[in-house]
Amino acid sequence: MTTEHKEEAMDEHSHQDEGMTFTEHLEELRYRLFRIIIAAFVGFLACYVFKEKLFDILMQPLVKVLPEASTMIFTGLPEAFFTYLKVSLVAGIFLASPYIFYQIWKFVSPGMYASERKFIIPIAFISALFFVVGALFGYFVVFPIGFQFFMGFANEMIQPMPSLREYFSFAVKLLFAFGIAFELPLFIFFLARLGIVSSRGLRKQRKYAVLIIFLAAAFLTPPDIISQVLMSGPLILLYEVSIWVAYIWGRERKHRKKKAQEDEDEEDDEG
């Protein structure tokens, strides 16, 4: 069986949710993860060509606020080399994000209506867009304010000299945190389509959601109130958007279910 035929068979098989066993679900997951890894690797190779430029872009928010006497350092001989590799990999993941989200949505597609599965490609692109926009928000809004806050502790006796490894780990953690956070409306969309959440339930749980959002922001961001507010603010706004998403799509799900029930009753009457 060719690769194209195998993919078509897997795609068709993934839609037959009721007939899939636990082992078949694991096989489907393995298949999708394999394609995600390949996509990330291809993105890595494409971005490695521009590794120095990408590295400079990632460092800019910190470099702009570093005191004149300060510089970035690396404490291990291979640290700079591996940092270039990691930067290329992260950039490759963002580059391949439309295809990666496409594979994710293909895996969860059995929980969608047949008429909705044809919109998987647009949904995948929207997911990637939200992911990238969230990361850009972190880069252009949170990074400058957060780094300026940290540099405020520098004085004549204390000069910051951050290492490449520490900065990369810190920056990437925030980029992915904001990218994933901005996926909240789409996540709620899927749960609403499955009937797991409703707009009414989300409204009732709003105060608990706000508390969880602030706790998550405190965990994912640096230990300063500015970064936490900059993350929790957009998340609260996205939660409010998610309530409307659940209202619109949950309502449509009820309409479809009611219509299907009416069609079934009509068939019983004719019989």
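Any read-out appearing in this document is the output of simple, stated calculations on the displayed coordinates, not a laboratory observation. Note that this is a predicted model, so its numbers are computed, not measured. Backbone-built Cβ (ideal geometry, glycine too); neighbour counts: all protein chains shown.
Hey, can you rank 125-132, 233-240 by average C-beta count inside 10 Å, highest first? It would help to have the intermediate numbers written out before the result.
Working: 125-132: 18.9, 233-240: 17.1.
Going from most to least packed, we get 125-132, 233-240.
Just report the Cα centroid separation between the range 125-144 and the range 155-220, whole Å.
Centre-to-centre (Cα) distance: 12 Å.
Using 0.36 nm per residue of separation minus the Cα-Cα distance, give me the extension gain between Phe149 and Leu194 in nm, one decimal. Working shown, then result.
Numbers: separation 45, 0.36 × 45 = 16.20 nm, distance 4.32 nm.
Here the answer is 11.9 nm.
Rounded to whole Hz and in sequence order, give me ³J(HN,Hα) for the range 166-174 from the Karplus expression 6.51 cos²θ - 1.76 cosθ + 1.60, θ = phi - 60°, writing x for Gly and Pro.
Values, residue by residue: 5, 5, 4, 4, 5, 5, 5, 4, 6 Hz.
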